[in-house]
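Laboratory data are not the source of any read-out in this text; all were calculated from the coordinates shown. All figures in this text were calculated on a predicted structure; none of them were measured in a lab. For neighbour counting, all protein chains shown are included, and Cβ atoms are generated from backbone atoms with ideal geometry for every residue, glycine included.
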């Protein structure tokens, strides 16, 4: 079958012919006629089999009649990553160049002003990532009440990245009567449940078994004994042993992307780095540099595992075994695209044995082993030993921490007991001292009481005591709000004892 048999318009067929395609892929052959009929589609096919063109080509024909209104797009395509959204927009520009469709790309890291200006003019095709779309909707810059076609691309990737709550919210804002195209490379139960809620009587199209690797990709596994340093050396030796035109090197973490990038750059490779922490203009510029062939190797995270349609990629190197086995299919799907052949190699340390087993279990077959001169291999027993050693180490650390906590608790208890004993001892000593002083004071007073004093001496002592108390009263400050009026003069209403007479008693008595 050729593209002319699928019912596409002459303008679209001319654009496809200029690109160089004459025979549709299996997913395109089955999906395009169904989309042109207006039915919902649930498509599952391997990555790199042309799913994007499977919905792009018929959408151009369907949207060719009609006119878009301001801020009200006629179709919506949701993609998980900025790179994939940009890839879809490039497909529309490529295949729709003989049409009059307007398009807007809404992705993070780009200017709001330019995107809002396009929306104000009205667009036929809106391609967006979930976050930026919701942001503009909440600002009142976009209305979704006129969307006729909804496309959810790489749904399994959206599920992995945690975008499904946003997607469900977006779908809830759309009209109930619409055509929905749902595409995914894998079909886990969660995706199946979402498809049942989004689609209405869909035509299910499954070209290959879910989560299967493309037959055009030759796979290889290199087991490396050692640590990350030995793994980087094995990667360089493996690259030198292959005839590499251009290659992607995938790492699990952004930190490892920078480390591998600097290592390859230090050893003279033409290399660039790409990960999610980079600014969007830098990401786009780096990607374009790789597409143009200015650099031979691109070290990247899984942000580049989707949406990269670069036919010239001859090799894919998995520096790390992916922790999610489905990412393995998407990684190696970056090569061997559009019927071309490619090679994919995976490097694994003993501690990555469990991830490797998950990948093998998912694809349903063993990955052929590759021997490299100077690199020591390992077997499954070593991987189990490494896993058991890590578990025992964590258990030992846990027991040590528990023992430390219990000993710390005992130490606090002992310190508290010592403090209580010390406090009791001090109180006891203090009580004994007070008792001794008290007894000495009482004995002194009793001795004074027993002294025999003459009458004249007692009078002199009383006079001295009264004069001393009078001097102290003179030095004492007056009460707040009152003026001292002298030693012998009392204030009105003040008795000799310092008390006050109530005012009603000071009023003169009435004479009868």
Can you tell me the length gained on complete extension of the stretch residue 65 to residue 426, counting 0.36 nm per residue apart and subtracting the Cα distance?
120.1 nm
Using only Cα positions of region 112-214, each an equal point scatterer, no hydration layer, compute I(q)/I(0) via Debye at q = 0.11, 0.21, 0.23 Å⁻¹ and quote the log10 values to two decimals.
-0.38, -1.18, -1.35
How far is it, in nm, from the label point at residue 23 to the one at residue 243 when both lie 7 Å from their Cα along the line to the Cβ?
2.4
Ranked list, fewest to most other Cβ atoms within 10 Å of each Cβ, for 197, 64
197, 64
Average projected area of the Cα convex hull of region 219-322, in nm²?
6.4
1/(1 + (r/R0)^6) with r = Cβ-Cβ of residue 114 and residue 176, R0 = 22 Å, i.e. FRET efficiency to nearest 0.05, evaluates to 0.10
Return 241, 9 ranked ascending by Cβ neighbour count within 10 Å, so the fewest neighbours appear first.
241, 9
Could you give the length gained by full extension between residue 282 and residue 1, i.e. 0.36 nm per residue of separation minus their alpha carbon distance, to one decimal place?
97.0 nm
Round to the nearest 0.05 the FRET efficiency obtained for residue 360 and residue 218 when R0 = 22 Å and r is the Cβ-Cβ distance.
0.85
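With N denoting the number of residues in region 1-137, provide Rg(C-alpha) divided by 2.2 N^0.38 Å, to two decimal places. The partial results should precede the final answer.
On the way: Rg = 15.0 Å, N = 137, 2.2 N^0.38 = 14.3 Å.
Region 1-137 yields a ratio of 1.05.
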How many angstrom lie between the C-alpha centres of region 161-185 and region 44-77?
15
Evaluate the distance, in nm, between pseudo-label points positioned 7 Å from the Cα of residue 324 and of residue 139 along their respective Cα→Cβ axes.
2.8
Which order results if 158, 284 are arranged by neighbouring Cβ count within 10 Å, fewest first?
284, 158
Please identify which residues in region 46-85 have an amide N closer than 17 Å to a label point set 7 Å out from the Cα of residue 100, following the Cα→Cβ vector.
60-70, 74
For q = 0.14, 0.28 Å⁻¹, Debye-computed log10 I/I(0) when each Cα of region 43-109 counts as one equal scatterer:
-0.45, -1.47
A chain fully extended from residue 36 to residue 254 at 0.36 nm per residue, minus the present Cα-Cα distance, gains in nm 74.3 nm
